[in-house]
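So the structure is just underneath, and the comments pick up after that.
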Amino acid sequence: MADISTVDLIQIIFWFLAGCISFYFSIGNARVWTSISMGFFLIFLSQLYVVEKALDAPWTAYTQLEAIHYIIGTISIMVMTHGFQEYYIFSRTLELGGSKQAVYLTILGLLAASAGFVFINPEPQYTMLRNIRMIENTTWVFLSLVNLDMVRKIYLQIRDSVIARGFIAFGVVFVAIFLWKGSELYLQVYNWDTDWKLIMLNLGATVPDQFMGRRDFSVLVHDVAGLLSGFSVGGTFIYLVRLLR
């Protein structure tokens with residue numbers, strides 16, 4: 001069995017709780033919340049690979065599954081971004097089309113199509129997996145900023161509503177996620193991420209001493225923001241459940 005760090009374990013626990021709460025929230029509330037809550041639930045599914053790999057689960061030998069986990073992470077931020085855009089339109093017009101079942105089926109269709117794409121193409125190797133993860137992190141960083149602006153606009157529309165503070169909490173969530181995914185992307189761009197020693201060995205290079213402090217600080221930001229993001233998501237949905245009763 002491989003080792004799993006305490007930070008990773010705590011983060012998975014936080015995201016497990018946040019995933020359960022957000023999925024329950026999607027079932028028990030109006031259609032307008034479905035895409036938002038399901039997007040956060042998908043983050044938990046994307047993070048499961050850390051535990052599976054630490055437990056040496058037999059299916060982790062298939063690199064296609066690791067690629068699918070990263071793709072699920074990309075889908076998650078796209079789904080919740082669509083959800084916040086829907087909510088913004090709803091806050092201005094009070095009109096909303098579609099059904100909850102359509103959201104669930106669309107997400108299942110995206111996951112199935114992504115899995116099919118991965119399995120009909122060559123088996124992903126290390127470099128390809130790293131590229132897919134960088135795409136995931138890049139998407140998260142960009143759309144987290146978009147969602148911060150969207151949350152601000154929604155708050156301005158509903159600031160007199162009982163749930164307005166819930167969207168302030170979502171703002172905190174996206175700041176934490178931006179720092180979490182942004183710091184990991186920064187480490188990847190400079191080849192200072194988890195596998196940096198292997199990369200540098202292959203390149204015949206080392207991390208300059210003057211940048212080691214910067215790398216260590218980025219790792220710290222990544223770990224702390226990852227914990228805070230899961231904790232804040234769970235707390236936000238618990239708060240909204242209480243407000244919407």
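The values are calculated or read from the model by the stated rules, or taken from the named source; none is laboratory data. Here the structure is a predicted model, which is why all the values come from computation and not from measurement. All Cβ positions, glycine included, derive from the backbone under ideal geometry; neighbour counts span all protein chains shown. For accessibility, only protein heavy atoms count, side chains too; no ligands or nucleic acids. Shrake-Rupley method; radii C 1.70, N 1.55, O 1.52, S 1.80 Å.
Data table
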item	result
Centre separation in Å (Cα based) which lies between region 94-138 and region 15-92	11 Å
Spin-label proximity, Ser99 to region 37-59 - amide N less than 20 Å from point 7 Å beyond Cα toward beta carbon	37-38
Debye, to nearest 20: dipole size of the chain, +1 on Lys, Arg Cβ, -1 on Asp, Glu Cβ	900 debye
Whole-number percent relative contact order across region 39-111, with pairs defined as alpha carbons under 8 Å at least 6 apart	36 percent
Radius 11 Å from Cβ of Ile168, net charge of other residues (Lys, Arg +1; Asp, Glu -1)	+3
Net length gained if the chain between Thr60 and Arg165 were fully extended (0.36 nm per residue, minus Cα distance)	33.7 nm
In Å², nearest 10: area of Phe170 left accessible to a 1.4 Å probe	0 Å²
Whole-Å semi-axes of the chain's equivalent ellipsoid (Cα gyration tensor)	33, 21, 16
Mean Kyte hydropathy of 0.5 or more with a Cα span along the axis of at least 15 Å, helices from DSSP in the chain	6-28, 34-54, 100-120, 164-189, 209-243
Computed FRET value (nearest 0.05) for Lys53 with Phe142, which takes r as the C-beta separation and R₀ as 30 Å	0.65
The chain: Lys pairs at Cα distance under 27 angstrom, eight or more positions apart or on different chains	5
Per-pair calculated FRET efficiency, R0 = 41 Å: Thr127 and Ile27 via Cβ, rounded to 0.05	0.55
